[in-house]
Each structure stands twice: as structure tokens, then as C-alpha cells.
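Take a look at the structure below.
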Amino acid sequence: MMKHIVLAGVFATVAGAAMAQDLPKSQFKAIGLNSPTVASTVDEVPFWRKTIPDASKGAITVDITPLDQMGIDDKTMLRLLKLGVMDFAGMDISKMAGDDPRFEGCDLAGLTLDPDKARAACKAWAPVIDRQMQKNWNAKLLAFGGNPPQVFWCRNVLGGLDDLKGKKVRVFNNTMRDFLGGIGATAVSMAFAEVVPALNNGVVDCGVTGSLSGNTAGWPEVTKSLYPMSLGWSINALAVNLTSWNRMDPKVQQFLLTQVAAYEDKMWGTIKEAMAQADNCNTGKQPCTLGKPANITIVAVKPAEAATHKKLVEGAVLANWAKRCGAECVKEWNDTVGKALGLKAPTT
């Protein structure tokens, strides 16, 4: 039996090498996620710079640059991809919702509280996003990934959910605005790179980002507390320009689809690893290999606050998004994401 397993492994390796050797030389350009995020440093950049060239035996190379290093506004990524400025793009999908509310559909604020459910929601919604990308944006969806839970980082030590009332809070999408409106906070839209100086200067009282993304981006230097009530996963989408895709040799397409499937699995695994380390890193404990040791007060979410969170998601968040997206969109959501999560968005 062991002999057969070893032989099977050898044949698979030989077949993979043969496939790689058969690939035509191809060079592509990719623009990716914000560079301080775990999704960029641990998954995206290594995928394009090392995994793809290595797996293709050097046949396929990709020039990847994070969007913040190019001075690009997150919200324009899909438009740039449509124009063919790059072949591949990694983007926070909810930031595209100004162009189409459907792009928020699997990452509505607080919709899911664990990564497996978040992935299930996005898997259910993927055909809708792919259809809209192909129909309106000359793009094809390849994969969904994400970040650790999007939580509140505050300049002072927060007493709990009620303390957010009247506070100015940095957000980065419409659905977070819906949630904050429900608790009486003021939502302030702001690019990721602008948040540290804004917190430092008191322009905002708190900011929402990942429990580890904030750590790696230096937020502990300007905040004293972290309130781990989740407002989503900053779901990212990997997409390819459709013209670029259709020009590719079918062998290159199949190679990339196989590699992207493994990449997607790795991204969701990284989220779980980052979640496990976030509290350690933010409170100066070990193990902390993905972030930096810091000294932040973590303010526990009380049971009553968790119940309020659930009401806000099922009320304000879903209701407001349903109005933006329209009846046809909501019906599709209820038949896919809603069914996967046991939720129903209002249709009127």
C-alpha cells in the first residue's frame, strides 16, 4: 500500500512538472491589497511573487504591487481592472458597493461571526458577483478571501457598546455606516493609510479594522483599547480582466484556476491563524509571529451587547442594504446567502 502511495506521489509530481514545462511563457501585472494587512503580506504577495513562478517552473511571472504603494484609492480598483490597467486585482469587495450594492452581499456588517460562515456566505454569493463583474466590469471573479474580524480600535479605554454613542468612528463601507447609525455613532469614511494620523490627532475617536491588521499597521501606537465586536471580515476578491483572461492559453487558465483554488484555501486558513494570535499580539503575549507585541486593553463584549449586535444586523443593516439593492437583488440574496445563514432580508 505504501509503495502505491509513494508511486502515486511521484507520478503526481512528474505530471505537475510536465504540465508546468508545457506552459507558454506569460507575464502579468497585478495590483493588490493594502500592504500592511496580513492578507497582503502572508498570502497575496507571496502567491504572485513565489508560488506562481515556482509552480510554473518559471513560465509564469507576475509583477504585484499593493495599491497603497501606488497611491490608488481602493474604491477605484474595479474601474481600473475594467480598463485593463492591470491583469489581476485584489480588492476589498465592499468598497465597490458604491457602484453596485451587491458587492456588499456576503460581508454585511456583523453578518457572520466566524470565518467558516463568512466563507459559506461568500461561496453562496460568488455566482452573483461573478455575473455582475462579467456583465458590467469586463472582469472575472477567481476567489474570495478576507481578514481577521473588523473591530473597534479606540483612542481611550471604551466602557462598552454604549460608549460608542456620539463618537466619531472611521469606517470603510456603507453597511458599517448602517450599523453605527443604529447605535448613535457618527461614521467617518477614511482610507486605511489615513487612520493612524486621524486617531493620533483626535479627528476620529475610534477606527474599524482587523484585529491583527490594525496591529501590523501601527494602530496600537495611537489607541488604548480594542472592542472586539465584529463588523465583518473585510472580504477581498481576486479578479482578472476578462480580455486578459480570454487571451490566455487554455493551459495557463487551467494552471491558474488550480493554483487559485489552493490560494483561496490558504487565505481562509490564515484568517483563523491570525484570529488565534491577535489577542496575544495586542496584549504583549506569545505566540505572536504574525504581528507585533503591543499593550492594548481588550474590552470584552457583554452578553447584552451581543444581543444588541444581533438585532442591529437583522434590523438596520439588512433593512438598509435591502433598500439600496432592490427587490430582485434581495430575492436572490435570500435564496443564496440567506439560505446558507438562516436569515432573511426584508423584501419591501
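The values are calculated or read from the model by the stated rules, or taken from the named source; none is laboratory data. All values reported here derive from a predicted model rather than from experimental measurement. Don't worry about glycine lacking a Cβ; one is built from the backbone with ideal geometry, like all the others, and counts go over all protein chains shown. For the accessible areas, the whole protein counts, side chains as well, though only heavy atoms, and no ligand, DNA or RNA atoms are used. Shrake-Rupley method; radii C 1.70, N 1.55, O 1.52, S 1.80 Å.
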Legend entry - Among the candidates VAL301, VAL313, residue that is closer than 27 Å to ASN156 by Cα and crowded, with 20+ Cβ neighbours inside 10 Å: VAL313
Legend entry - Test: VAL195 is out of contact with any Leu (no Cβ under 7 Å at 6 or more places or on another chain), open to solvent by 20 Å² or more (accessible area, probe 1.4 Å), more than 21 Å from ALA59 (Cα to Cα) and at pLDDT 95 or above: no
Legend entry - Residue check, CYS288 modelled with pLDDT of 95 or more, in contact with a Cys (Cβ under 6 Å, 6 or more places away or on another chain) and not in a helix (DSSP H, G or I): yes
Inset, instruction - At least 3 residues that are of a type outside the set (A, V, I, L, M, F, W, C) in each: list the helices (runs of 4 or more DSSP H) lying fully within region 51-155 that qualify. - result: 115-136
Legend entry - Single residue of region 42-70 satisfying the filter (surrounded by 18 or more Cβ atoms within 10 Å (Cβ to Cβ) and not hydrophobic (A, V, I, L, M, F, W, C)) that is farthest from TRP137 (Cα to Cα): SER56
Legend entry - Matching residues in region 71-99 - criterion: being of a type outside the set (A, V, I, L, M, F, W, C) and open to solvent by less than 10 Å² (accessible area, probe 1.4 Å): GLY90, SER94
Inset, instruction - Only residues in region 318-331 that are in contact (Cβ under 8 Å) with a residue 60 or more places away in the chain count as the first member; pair them with residues that are open to solvent by 70 Å² or more (accessible area, probe 1.4 Å), Cβ under 9 angstrom, at least 6 apart or cross-chain, and list the lot. - result: LEU318/LYS344; ASN320/ARG177
Legend entry - Odd one out for GLY184 among (1) crowded, with 19+ Cβ neighbours inside 10 Å; (2) on the phi > 0 side of the Ramachandran plot: (1)
Legend entry - Evaluation of GLN277 against (1) in contact (Cβ under 8 Å) with a residue 40 or more places away in the chain; (2) out of contact with any Gly (no Cβ under 9 Å at 6 or more places or on another chain); (3) farther than 28 Å from VAL128 by Cα (one fails), failing number: (2)
Legend entry - Flag for GLY202 being in contact (Cβ under 8 Å) with a residue 40 or more places away in the chain and either of a type in the set (D, E, K, R) or surrounded by 18 or more Cβ atoms within 10 Å (Cβ to Cβ) (or both): no
